[in-house]
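Step one of this worksheet: look at the structure below.
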Amino acid sequence: MLYVFVNYNYSPGFNSPESWFKRTEGYTGLLECLSKENTVISIKQINYKGICVHNGVQHHFLDLNTQKTYFPLALNRYIKSLNPDIVFVQGLHQPLQVIQLHLLSGKKTKIIAQHHAEIPFVGIKKHIQRMADKYIDAYLFSSKSMGLDWVNKGNLASPQKIHEVMEVSSVFYPIEKTTAKLKAGVTADPAFLLVGRLNANKDPLNVVKTFLRFADTNPQARLYMIYHTDELLDDINELLAKHRNKNAITLVGQLPHNDLLYWYNSADFIISGSHYEGSGTAVCEAMSCGCVPVVTDIFSFRMITDNGKCGLLYEAGNETELLNALMQTQQMDVTEKRAKCLAYFKSTLSFEAIARQIAEIANSL
């Protein structure tokens, strides 16, 4: 089967295939797994033009002078020229482009659309989304409940096309914990980790406030915070400056992505305060190393934790529920939970698992 993966967005910040591969390594691994039994072509517009094969995947980098267009005729013609069985469209916010793709390609080519944290359109764009729905054969959401929300809001006509498939995976893996801790400089036991932006949606303030309370009865515990944006950093520093347990939290800051291998393998638990996630990259990466999630009870995290079987869920923004979850970690059989995380990651969240699920869906169309 011939798969063509396409992204209608132009990404000018990348000047070579290598820079693009590095940026997308949390996703392209599934294309590589899919290419073992299929022909896989990925189309992207960056500041480079050419075709190269990388780990079994054909990457077509085009220069069509279309930084943003609602009528990508040249790109859709290029897709048609490849005569694909499946066109895999990244994102649900290009309904007009998808309609044109279908009209040009015909019924033989099946279209699968991958949700990437977008929220449903409203107004005229909502009606265009419903029009495009007629021509899309399958939707992939990290959580089926998230897809059903689109149906309930009227943007998609039926739940029958919705499939639950993780959006991204992880390039990380378990290593010996003592080695990891030495490399990361983590000495705490237990060690908790937060990885993500310091913005309102991620709600690091609730995590910090609650962890400071948790440290009253668990002074040996430490929370390490890794972040690449710092919108709420001043507020966090203000909380820490006047609190007696301020040493329970270490603000690590930004790190090279590769270094996270050692941090995920050093920590016992990964914490998230997110109110909304399209999938949950950091939690997925942590689980690939056996790090146990303590995360909010939102659609994507229910799926990623197997409805809490691999960790603990709490209501987003609820300090009391988070504190109760943190207390539960003290009685938890961490070895057992770690084993569940690794097994579930392999069966459901790994590149191999995602590729298998996509192939099954494509073969059913």
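What do you reckon, is residue 236 modelled with pLDDT of 95 or more, more than 22 Å from residue 172 (Cβ to Cβ) and β-branched (Val, Ile, Thr)?
yes
Given the condition touching a Leu at 6+ places or on another chain (Cβ under 7 Å) and among the polar types (S, T, N, Q), answer yes or no: does some residue in the range 170-192 qualify?
No, the conditions are met nowhere in the range 170-192.
Just give me the residues in the range 47-62 being surrounded by 14 or more Cβ atoms within 10 Å (Cβ to Cβ), among the hydrophobic types (A, V, I, L, M, F, W, C) and under 15 Å from residue 79 (Cα atoms), in sequence order.
61, 62
Residue by residue through the range 164-184, note down the ones that are open to solvent by less than 50 Å² (accessible area, probe 1.4 Å) and not aliphatic (A, V, I, L, M). Outline the logic, then answer.
Pass one, the range 164-184, residues open to solvent by less than 50 Å² (accessible area, probe 1.4 Å): 165-170, 172, 175, 180-181, 184.
Matches in the range 164-184: 167, 169, 170, 172, 181.
Which numbered condition in (1) open to solvent by less than 10 Å² (accessible area, probe 1.4 Å); (2) farther than 21 Å from residue 118 by Cα; (3) among the hydroxyl-bearing types (Ser, Thr, Tyr); (4) in contact (Cβ under 8 Å) with a residue 40 or more places away in the chain is the only one that residue 300 fails?
Condition (2) is where residue 300 drops out.
Can you report the number of residues in the range 279-295 which are free of Cβ contacts under 8 Å to residues at least 60 places away in the same chain and part of a strand (DSSP E or B)?
Result for the range 279-295: 3.
Yes/no per residue for (1) of a type in the set (A, V, I, L, M); (2) more than 27 Å from residue 154 (Cα to Cα):
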site: 48; (1), (2): no, yes
site: 64; (1), (2): yes, yes
site: 80; (1), (2): no, yes
site: 133; (1), (2): no, no
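List pairs: first in the range 328-343 and within 13 Å of residue 312 (Cα to Cα), second open to solvent by less than 90 Å² (accessible area, probe 1.4 Å) and of a type in the set (Asp, Glu), Cβ under 8 Å, 6+ apart or cross-chain?
What qualifies is 329/268; 334/268; 340/306.
Any residue at all in the range 213-231 that is touching a helix residue (DSSP H, G or I) at 6+ places or on another chain (Cβ under 6 Å), in contact (Cβ under 8 Å) with a residue 12 or more places away in the chain and more than 25 Å from residue 316 (Cα to Cα)?
Scanning the range 213-231, I find no residue that is touching a helix residue (DSSP H, G or I) at 6+ places or on another chain (Cβ under 6 Å), in contact (Cβ under 8 Å) with a residue 12 or more places away in the chain and more than 25 Å from residue 316 (Cα to Cα), so the answer is no.
Condition first: more than 19 Å from residue 322 (Cα to Cα) and either in a helix (DSSP H, G or I) or open to solvent by less than 10 Å² (accessible area, probe 1.4 Å) (or both). Now tell me which residues in the range 256-278 satisfy that. Give the derivation first.
At the first step, the residues of the range 256-278 found to be more than 19 Å from residue 322 (Cα to Cα) are 256-266, 278.
The answer is 257, 258, 259, 260, 261, 262, 263, 264, 265, 266, 278.
Please work out if residue 157 is assigned to a loop (DSSP other than H, G, I, E, B) and in contact (Cβ under 8 Å) with a residue 40 or more places away in the chain. Let's see the steps before the verdict.
Values: assigned to a loop (DSSP other than H, G, I, E, B): yes; in contact (Cβ under 8 Å) with a residue 40 or more places away in the chain: no.
No; evaluated as a whole, the condition is false for this residue.
Give the number of residues within the range 185-204 that are touching a Cys at 6+ places or on another chain (Cβ under 8 Å) and open to solvent by 60 Å² or more (accessible area, probe 1.4 Å).
0
So how many residues does the range 137-154 have that are without any contact (Cβ under 8 Å) to a residue 60 or more places away in the chain and out of contact with any Pro (no Cβ under 9 Å at 6 or more places or on another chain)?
3
Among what's in the range 303-344 and is farther than 23 Å from residue 164 by Cβ and in contact with a Lys or Arg (Cβ under 8 Å, 6 or more places away or on another chain), pick the residue that is most open to solvent (accessible area, probe 1.4 Å).
Residue satisfying both the conditions and the ranking: 319.
Scanning for something within 22 Å of the chain's Cα centre (by Cα) and within 28 Å of residue 355 (Cβ to Cβ), does the range 66-82 turn up at least one residue?
No; the residues of the range 66-82 include none that is within 22 Å of the chain's Cα centre (by Cα) and within 28 Å of residue 355 (Cβ to Cβ).
The values are calculated or read from the model by the stated rules, or taken from the named source; none is laboratory data. Please read these numbers as outputs of a predicted model, since none were measured by experiment. Virtual Cβ from ideal backbone geometry, glycine too; neighbours counted across all protein chains shown. The accessibility values were calculated without ligands, DNA or RNA, using every heavy atom of the protein model including side chains. Shrake-Rupley method; radii C 1.70, N 1.55, O 1.52, S 1.80 Å.
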